[in-house]
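The values are calculated or read from the model by the stated rules, or taken from the named source; none is laboratory data. Quick caveat, the model's predicted, so the values are computed rather than measured. Cβ: placed from backbone, ideal geometry, glycine included. Neighbour counts: every protein chain shown. With ligands, DNA and RNA removed, areas are computed over all heavy atoms of the protein, side chains included. Shrake-Rupley method; radii C 1.70, N 1.55, O 1.52, S 1.80 Å.
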Amino acid sequence: MSIGGIGFAIVLMFMQLGFLGSVGETANVVFDRMRCDFVIRSPNYLHVYDPGDVPDSIADAVQSLPAVENAVAFDVGVTDWQNPRNYGFRAIAIMGIDLDQPALNLPDVVPSKVGPLRAPGRVLVDDASSDDFGPVNGRRFTEEDIGTVADVIGKAAHIAGTFTMGTGLAANGALLCSRETYRLLTPGVRPGSASMVLVRLRDGVDHEQAIDGLRERLSQLGGEASYATVIPIDDAKHRERKRWYTETPIGLIFSMGVALAGVVGCVISYMVLASDVQSHLSEYATLRAMGYSNAYLVRTLLGQSTMLALIAFPPALLVSVALYAITSYYAKLPINMTWQWIALVFCLTMLMCNVAGLLALRRLLRAEPATLF
């Protein structure tokens, strides 16, 4: 019973940490696949699916810099997809790429898949997209869905194949298409604009000097281009992850969930150990009457609480690994057990059990031995 209660608290902490980790993992599902060293984006950038826009001409302007190997415009946003099976509407992420200079590192997007995208209205669907978007088999998009026509903001979107990237908490589905199709299927796109410009440097180029050169070139262009920001890709990832952790309801909920799980675990451990102390109160009182010090009693109870934690942790870890796999499969979220999570929860388990043990021992330490019989 005691081990089961503490094990439940451990599983609760693991699950909350797993959900919190998935927030960080999915925050950068797009950035992790960008082929670039720097991102040029709008000063009005909010998050990857609401990036604002910058002038399309920036790509050609910075391409001429000696330090730049490649600069390519990239479009990303959200549009409305109508399920071709039940005709329900869902928001879906959409990415537009230059088919001759792909902006993303997607190994399965081979030339045979890129070719059909040159026709207007052709898209690839992420095979991790939710079944709410209407795959033929009812579970996930496969080659069976090629040829399916879906309505996207009143335009026909022809599925030309699938690709693998991964979705996240911001979007449960994703489309990949040419930049021309992106403009066709995305509302409110300004002519001559791009969501971002991805810049890759030549080998051996100093990044600090390169970023100064990029900013100088943007200021020379004037107009809207001069207000665009240049950010190293690692900084962009960090900011995106931080935003999801600290500025969105989802991140805050799971962060609070981790803290709440620790509190609940401490309460459960306290109840378990307090009940044990109460049931053996006379034995502890006898030890005090025999002259054993309070320090000895504290060491005894801390040893017991540590032993309970050590016994409860391994089965709770195994249960958590199984729950991670099940939840990840059905929620289509990357929930992974890491050594960092294991070490953190182990430390928290030892802390909560020992703190609970000390709290449970308060009555014993304050009372006279004669009053405890």
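Does Q209 satisfy the condition of being open to solvent by 40 Å² or more (accessible area, probe 1.4 Å), touching a residue at least 24 places away in the same chain (Cβ under 8 Å) and polar (S, T, N, Q)?
So Q209 passes the test.
Which of the residues belonging to the stretch 298-330 are among the hydrophobic types (A, V, I, L, M, F, W, C) and either in contact (Cβ under 8 Å) with a residue 60 or more places away in the chain or surrounded by 20 or more Cβ atoms within 10 Å (Cβ to Cβ) (or both)?
If the condition is that a residue be among the hydrophobic types (A, V, I, L, M, F, W, C) and either in contact (Cβ under 8 Å) with a residue 60 or more places away in the chain or surrounded by 20 or more Cβ atoms within 10 Å (Cβ to Cβ) (or both), then V298, L301, L308, A309, I311, A312, F313, A316, L317, V319, L323 are the ones that fit.
Look at A295 and say whether it is of a type outside the set (F, W, Y), exposed (fewer than 15 other Cβ atoms within 10 Å of the Cβ) and modelled with pLDDT of 85 or more.
Answer is no for this residue.
I need the strands (runs of 3 or more DSSP E) fully contained in the stretch 79-198, keeping only those with at least 3 residues that are β-branched (V, I, T).
So the answer is 89-97.
Please list, ordered by first then second residue, the pairs with beta carbon atoms under 8 Å, 6 or more apart or interchain, first in the stretch 87-100 and free of Cβ contacts under 8 Å to residues at least 12 places away in the same chain, second assigned to a strand (DSSP E or B).
F89/D80; F89/W81; F89/Q82
For Y45, state whether it is modelled with pLDDT under 90, open to solvent by 10 Å² or more (accessible area, probe 1.4 Å) and hydroxyl-bearing (S, T, Y). Reasoning before the result, please.
Working: modelled with pLDDT under 90: no; open to solvent by 10 Å² or more (accessible area, probe 1.4 Å): yes; hydroxyl-bearing (S, T, Y): yes.
In short, no.
Do we find that G154 is out of contact with any Pro (no Cβ under 7 Å at 6 or more places or on another chain), without any contact (Cβ under 8 Å) to a residue 24 or more places away in the chain and not basic (K, R) in this structure?
yes
When the residues of the stretch 20-39 are narrowed to those that are part of a helix (DSSP H, G or I) and modelled with pLDDT of 85 or more, which ends up surrounded by the most Cβ atoms within 10 Å (Cβ to Cβ)? Give the derivation first.
Step one: of the stretch 20-39, the residues part of a helix (DSSP H, G or I) are 20-27, 31-33.
Going one step further and asking which of them are modelled with pLDDT of 85 or more, we end up with 31-33.
On the way: F31: 19, D32: 14, R33: 16.
Looking at the filtered set, the residue picked out is F31.
Pull out all pairs, ordered by first then second residue, where Cβ-Cβ is under 6 Å, the residues are six or more apart or on different chains, the first lies in the stretch 162-177 and is over 10 Å from I94 (Cα atoms), and the second is charged (D, E, K, R) and part of a loop (DSSP other than H, G, I, E, B).
Correct list of pairs: T162/D127; F163/D108; T164/D108; T164/D127.
Would you confirm, using the coordinates I've provided, whether V258 is open to solvent by 50 Å² or more (accessible area, probe 1.4 Å) and over 30 Å from D37 (Cβ atoms)? Show your work before the answer.
Details: open to solvent by 50 Å² or more (accessible area, probe 1.4 Å): no; over 30 Å from D37 (Cβ atoms): yes.
Spelling it out, it is not the case that V258 is open to solvent by 50 Å² or more (accessible area, probe 1.4 Å) and over 30 Å from D37 (Cβ atoms).
Restricting the first residue to the stretch 21-47 and requiring it to be closer than 24 Å to W341 by Cβ and polar (S, T, N, Q), which pairs with a second residue that is assigned to a loop (DSSP other than H, G, I, E, B) and open to solvent by less than 20 Å² (accessible area, probe 1.4 Å) meet a Cβ separation below 6 Å and a spacing of at least six or different chains?
That search, which allows pairs on different chains as well, returns S22/I335; T26/G168.
Testing E283 on (1) more than 18 Å from the chain's Cα centre (by Cα); (2) open to solvent by 50 Å² or more (accessible area, probe 1.4 Å); (3) of a type outside the set (F, W, Y); (4) within 30 Å of G166 (Cα to Cα), one condition comes back false. Which one is that?
(4)
Against the definition (open to solvent by 70 Å² or more (accessible area, probe 1.4 Å) and either farther than 24 Å from R362 by Cβ or under 35 Å from the mean Cα position of the chain (by Cα) (or both)), how does Y270 come out, yes or no?
yes
Which residue pairs have Cβ atoms under 9 Å apart, sit 6 or more places apart or on different chains, and have a first residue in the stretch 107-118 that is more than 13 Å from H158 (Cα to Cα) and a second that is of a type in the set (K, R)?
Listed by first residue and then by second, the contacts come to nothing, as the list is empty.
Can you pull out every residue in the stretch 187-202 that is on the phi < 0 side of the Ramachandran plot and either without any contact (Cβ under 8 Å) to a residue 60 or more places away in the chain or in contact with a Pro (Cβ under 7 Å, 6 or more places away or on another chain) (or both)? Break it down into steps so the answer makes sense when it comes.
We begin by selecting, within the stretch 187-202, every residue on the phi < 0 side of the Ramachandran plot; these are 187, 189-191, 193-202.
The answer is P191, S193, S195, M196.
If you go through the stretch 96-146, how many residues are open to solvent by less than 70 Å² (accessible area, probe 1.4 Å) and in contact with a Pro (Cβ under 6 Å, 6 or more places away or on another chain)?
Within the stretch 96-146, residues that are open to solvent by less than 70 Å² (accessible area, probe 1.4 Å) and in contact with a Pro (Cβ under 6 Å, 6 or more places away or on another chain) number 3.
Yes or no: V263 open to solvent by 30 Å² or more (accessible area, probe 1.4 Å), of a type in the set (A, V, I, L, M) and free of Cβ contacts under 8 Å to residues at least 60 places away in the same chain?
Yes: the conditions hold for V263.
For the stretch 188-200, give me each residue that is within 27 Å of the chain's Cα centre (by Cα) and either more than 27 Å from P334 (Cα to Cα) or surrounded by fewer than 22 Cβ atoms within 10 Å (Cβ to Cβ) (or both).
A194, V197, V199, R200
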